[in-house]
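J.: Can you keep this structure in mind? I'll have questions shortly.
Only the coordinates and a few stated rules stand behind these numbers; no lab work does. Everything numeric in this text was worked out from a predicted model, so none of it was measured. Using ideal geometry, Cβ is built from the backbone for each residue, glycine included, and neighbour counts are taken over all protein chains shown.
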Amino acid sequence: MIPEVHVSAAVVVDAAGRALVVRKRGARVFQQPGGKPDPGETALQAVVREVAEETGIAADAASFVPLGRYTDAAANEPGHRVVADAFLLRVDAVDAQAAGEIAQLRWITEEELDDVPLAPLSRNHLIRHAWL
C-alpha cells in the first residue's frame, strides 16, 4: 500500500483571473497553497491557516468554496500519494507575499500553464478550477 499524505489546498484566484501557485523551499515545482492539518483541525480550518501562513492572505472561512477531495502522486514526498481536500478562494487585488516554508509565489494565467512546472495534483486536478 502506498503511504498517503493528507493536506488541504486552495485554488486562489484574483480579480484578474490569475491563479496563485507557490513553490516550497527545496521543491522544483509549484503547487496550490496549503498543507497538512494540525491535530484536531478540520480541512477548512487548515486551509484558512495555511493560506495565511504561506501567502499573507487572511480570508474568512466562509470565503472558501469546497471543491472536493483529489488524489495524485506527492510531488515533495517520493513514494507517497497526496490526498487533498481542495477549496476555491476568490480574492480582489491582494499583495501576497511568500512566507513560512514558501520560497516563491507566482500569479499565473491559463495561457501560462504549459510554461509553469506544477505538481501532479495541481496540474491534473486543481489548477483547472481557477478557470471554470
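J.: Output the number of residues of the range 75-132 satisfying the condition of being within 24 Å of V5 (Cα to Cα) and of a type in the set (S, T, N, Q). I'd like the intermediate steps shown before the answer.
T.: Filtering the range 75-132 for residues within 24 Å of V5 (Cα to Cα) gives 75-89, 98-105, 116-130.
Applying the additional criterion that residues be of a type in the set (S, T, N, Q) yields 76, 104, 122, 124.
So the count comes out to 4.
J.: Taking only pairs six or more apart or across chains, which ones have beta-carbon atoms under 7 Å, a first residue in the range 99-125 that is closer than 15 Å to P33 by Cα and touching a residue at least 24 places away in the same chain (Cβ under 8 Å), and a second residue that is among the polar types (S, T, N, Q) and outside any helix (DSSP H, G or I)?
T.: These pairs meet every condition: L118/Q31; A119/Q31; L121/Q31; S122/Q31; S122/Q32.
J.: Can you name the residue in the range 7-32 that is of a type outside the set (G, A, S) and not in a strand (DSSP E or B) and is also surrounded by the most Cβ atoms within 10 Å (Cβ to Cβ) among such residues? So that I can check it myself, show each step before the final result.
T.: Step one: list which residues in the range 7-32 are of a type outside the set (G, A, S), which gives 7, 11-14, 18, 20-25, 28-32.
With the extra rule that they be not in a strand (DSSP E or B), the set shrinks to 14, 18, 25, 28-29, 32.
Numbers: D14: 18, R18: 17, R25: 10, R28: 10, V29: 16, Q32: 31.
Ranking the qualifying residues of the range 7-32, first place goes to Q32.
J.: Would you check which residues across the range 39-82 are on the phi > 0 side of the Ramachandran plot and in contact (Cβ under 8 Å) with a residue 12 or more places away in the chain and list them?
T.: G56, G68, G79, listed by residue number.
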